[in-house]
Amino acid sequence: MMLLEVERLSLRFGGLEVIRDLSFAVPAGTIASFIGPNGAGKTSLFNLITGFYRPTAGEIRFAGERITGLPPSAVARRGLARTFQNIRLFKTLSALENVLSALHPRTRSGVFAALFRTPGMRREEAWAREEARRALAFVGLQDVADRSAGTLPYGHRRLLEIARAIALRPKLLLLDEPAAGLNPAEKAALADLIRRIRDELEIGVILIEHDMRLVANVSEHVVALSYGEKIAEGPPADVLRHPKVVEAYLGEEAVG
Amino acid sequence: MTATSFRARASQGATAGLLLALFLFPRVASNYWLDVFTSAFFYVILALGLNVVVGFAGLLDLGYAAFFAIGAYTTGILTTVYHVPFLLTVPAAAALAALSGVVIGAPALRLRSDYLAIVTLGFGEIIRITAKNLTLTGSASGIYGIPRPTVFGHALKTQQDFYYLLLILAIVTYLAMRRLEHSRVGRAWKYIREDEDAAAAMGIDPFRYKLLAFVVGAVVGGLAGTVFAVRMTAIAPESFGFMQSVLILLAVILGGLGRLPGVVLGAFLIVLLPEAMREFASWRYFLFGALLIAMMHFRPEGLWPAGRRKMPQSGRAALNGGDGR
Ligand SMILES: Nc1ncnc2c1ncn2[C@@H]1O[C@H](COP(=O)(O)OP(=O)(O)O)[C@@H](O)[C@H]1O
Ligand SMILES: [Mg+2]
């Protein structure tokens, strides 16, 4: 079954065509990668899929349902989680509170439950904290649960954003350049983590990545973009060697 | 004993001492000072209510006095014209405040956050001008002869009665706000204030929670208004003007956006500072303005120490690219 289907998708900002007539599909339970030079439209594609941008044309289906035009919170509730290229944590809140945000859709206590501290509310709160701690432990951050997110070292902030996203219990997780700025040891650990997310949590993963070794190492499916168009799609071994892909990246190196 | 538990105990001790002093205060204070403190408790409640909107959810509301007015006029009209007992006017005032919160908040909050400031500013003026022109609200002279309330068989008459009523209501409001702050709803507000996009990506609907904050704030303001009406026994449109909204906002910002003890401090300051400089009465608003500008400049996080908070902000960080690209 196809988990994510994108059909003839276009996005324009004024005269700028950011995504052009793009179609592809990702099967359930896959680790896939979007590659392409800077400015190719990869992040915009994530923003389209998660409802932050509205497409000019085309359709997005997730788990068989049309999600085009839904607001981001509704898309998230249907099982699509994401991280941001420039890390968007709640900086003044603790790591645990950051992860607790993802438990929001699976809990229901409202104003009255909070004012009267009902037994149901207290039970739910304890459960949510337990669940958040599990997500922190999954990425190895159990020891920094009470530190405020803004004070964590860079590598931990990347991991915390992933913990927050998996705590949503999504069907699909979109990671925007998760390896950017990581050292080789951290990158190796990240590759392991991505595989464990798929294998143990049964969450499909799509990552945007520039490190071709990481892409070849973890992904089973690759979509290559250049100037908003798909230039190649398939298994990593084929796509990374595809002449158009090689050319797109060579062009980038020549430019700088 | 560790440092943190020492600090926690010290602050518990200080709180207990302060409450004891406030409960004993009427034994030593003149009626004049009872009045001043009763006003301070009113501002504590109002500032705590506005803090839900401004401090917790990070929205700017420039017409908060409108909800105070709606509560006061609801009780004023129902008790004088329809002879409804005070306690029955309370739920009516809360409901009406909540309803106007939805009617004003829903369209404004769908737009960018800064529109809320403009819409609430206009709403505040509309409510005041309407009250000034309708016969039902007593036009410019307002409503007088509002009967003193009977609460659970006890008739409230003296200044001391109202001092204690407002003290207890302020404490209850404070405790309620603390529970809200540390709940799922309170966290949702904080997430939205810190990063609206990230909150939405976690399945939290920013619009829904902003509206909820706005309505909760409206209800607290409305409830304060009902009590205000029966304490004053007379209300007039000029009590609910733009300067009133600004004063309440000043209390929230002075003490420290979002931090509850700071908000209480701010409310006391806006009542006690003018008392302390009575000779400069006509300069009052000028001094407040200068104070506010100085605060923004030197201590934007408010007077209450520690725990940085940002001012409410509009606009979004870039969604694409790294490092704000
Ligand atoms: N909100 C926006 N407004 C205008 N242009 C945008 C916006 N978002 C992205 N773009 C443009 O779209 C193009 C693709 O950007 P992006 O999706 O960030 O690329 P990538 O992630 O592949 O580096 C760039 O030219 C960028 O400037
Ligand atoms: Mg990008």
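Mind listing the phi-derived Karplus ³J(HN,Hα) values for the range B:87-100, rounded to whole Hz, using 6.51, -1.76 and 1.60 with θ = phi - 60°, and x for any glycine or proline?
In residue order, the calculated couplings are 4, 6, 6, 4, x, 5, 5, 4, 5, 5, 5, 4, 4, 5 Hz.
At a Cα cut-off below 21 Å, give the lysines reachable from A:Lys171, other chains included and same-chain residues fewer than 8 away excluded.
A:Lys42
So how far apart, in nm, are the two label points at A:Tyr227 and A:Ala74 if each is 7 Å from Cα heading toward Cβ?
Once both label points are built, they end up 3.5 nm from each other.
Kindly provide the helix-only [θ] at 222 nm of chain B, computed as the sum of -39,500 (n - 2.57) over DSSP H runs of four or more divided by all residues, to the nearest 500 deg cm²/dmol?
Helix contribution divided over all residues of chain B: -23000 deg cm²/dmol.
Taking a ≥ b ≥ c as the square roots of the eigenvalues of the Cα gyration tensor of chain B, is the shape rounded (a/c under 1.5), prolate (a/b larger than b/c) or oblate?
It comes out oblate by the Cα gyration axes.
Quickly work out the B:Arg178-to-B:Val81 label distance, labels modelled 7 Å from Cα along the C-beta direction, and quote it in nm with one decimal.
So the label points at B:Val81 and B:Arg178 sit 4.1 nm apart.
Before we go on, tell me the buried accessible area for the B/A pair, both chains summed, 1.4 Å probe, in Å² to the nearest 100.
Looking at B and A, the buried total is near 3200 Å².
Pop the C-beta distance of A:Ala216 and A:Asp146 into the FRET formula with R0 = 45 Å and round what comes out to the nearest 0.05.
After rounding, the FRET efficiency stands at 0.75.
When only the heavy atoms of the protein chains count and the probe is 1.4 Å, how do A:Leu96, B:Leu60 rank by accessible area, highest first?
Order by accessible area, largest first: B:Leu60, A:Leu96.
With all protein chains present, how much of the accessible area of chain B (probe radius 1.4 Å) comes from carbon and sulfur, to the nearest whole percent?
67 percent
Could you tell me whether the range B:1-108 comes out rounded, prolate or oblate from its Cα gyration tensor? Rule is a ≥ b ≥ c as square roots of the eigenvalues, rounded for a/c under 1.5, then prolate if a/b exceeds b/c, otherwise oblate.
It is oblate, given that a/c is not under 1.5 and a/b is not larger than b/c.
If R0 is 25 Å, what FRET efficiency do you get for A:Glu65 and B:Ile118 from their C-beta distance, rounded to 0.05?
0.05
Please average, across the residues of A:111-119, the number of beta carbons from any other chain that are within 10 Å of each residue's own beta carbon, and give a whole number.
Counting Cβ atoms of other protein chains within 10 Å of each residue's Cβ and averaging gives 4.
If you count only protein heavy atoms and use a 1.4 Å probe, how large is the accessible surface of B:Asp205, to the nearest 10 Å²?
60 Å²
Show me the ranking of peptides A:47-54, B:291-298, A:66-73, B:124-131 by mean Cβ neighbours inside 10 Å, starting with the highest.
A:47-54, B:124-131, A:66-73, B:291-298
How much of the accessible area of chain A, probe 1.4 Å, is carbon plus sulfur, in whole percent?
Of all accessible area on chain A, carbon and sulfur atoms account for 52 percent.
What are the residues whose amide H is under 5 Å from the amide H of A:Leu174, where those residues sit 5 or more places off or on another chain and H is modelled from the backbone?
Residues meeting the amide H criterion: A:Ala81, A:Arg82, A:Thr83, A:Ile206.
What FRET efficiency do you get for B:Leu88 and B:Glu125 if R0 is 25 Å and r is their Cβ-Cβ distance, rounded to the nearest 0.05?
The pair B:Leu88/B:Glu125 has a calculated efficiency of 0.25.
With each pseudo-label sitting 7 Å past Cα toward Cβ, what's the B:Ala106-A:Asn38 distance in nm, one decimal?
Calculated label separation equals 4.7 nm.
Mind checking the per residue accessible area of chain B for me, 1.4 Å probe, whole number of Å²?
Heavy-atom SASA per residue in chain B reads 46 Å².
For B:Tyr209, B:Tyr164, give me the order by solvent-accessible area with a 1.4 Å probe, most accessible first, ignoring ligands, DNA and RNA.
The ranking, largest first, comes out as B:Tyr164, B:Tyr209.
Among the lysines, select those whose C-alpha is under 24 Å from the C-alpha of A:Lys91, and discard any that sit fewer than 8 residues away in the same chain.
Qualifying lysines at Cα under 24 Å: A:Lys187, B:Lys190, B:Lys210, B:Lys310.
Report the local net charge at A:Arg129: Lys and Arg +1, Asp and Glu -1, summed over other residues whose C-beta lies under 12 Å from its C-beta.
Within the 12 Å Cβ shell, the charges total 0.
Nearest-5 percent of antiparallel DSSP beta bridges in chain A?
Close to 55 percent.
State in Å² the accessible area per residue of the range A:28-106; use a 1.4 Å probe, count heavy atoms of protein chains only, and round to the nearest integer.
29 Å²
What are the ³J(HN,Hα) couplings of the range A:182-189, residue after residue, when phi is run through the Karplus curve with 6.51, -1.76, 1.60 and θ = phi - 60°? Round to Hz, x for glycine and proline.
Computed from phi, the couplings for the range A:182-189 are 8, 7, x, 5, 5, 5, 5, 5 Hz.
Taking only protein heavy atoms and a 1.4 Å probe, what accessible area per residue, in Å², does the range A:114-169 have with all protein chains in place?
Value returned for the range A:114-169: 49 Å² of accessible area per residue.
If you add up the charges near A:Arg8, with Lys and Arg at +1 and Asp and Glu at -1, over every other residue whose beta carbon is less than 13 angstrom from its beta carbon, what do you get?
After counting each charged neighbour, the total is -2.
Order the following by accessible area, largest value first: A:Arg123, A:Arg147, B:Arg187. Probe radius 1.4 Å; ligands, DNA and RNA are ignored.
From most accessible down to least: A:Arg123, A:Arg147, B:Arg187.
The values are calculated or read from the model by the stated rules, or taken from the named source; none is laboratory data. Since this is a predicted model, take the numbers as computed values, not measurements. Glycine also receives a Cβ, built like all others from the backbone with ideal geometry; neighbour counts cover every protein chain displayed. Note: areas computed on protein heavy atoms with side chains; ligands, DNA, RNA excluded. Shrake-Rupley method; radii C 1.70, N 1.55, O 1.52, S 1.80 Å.
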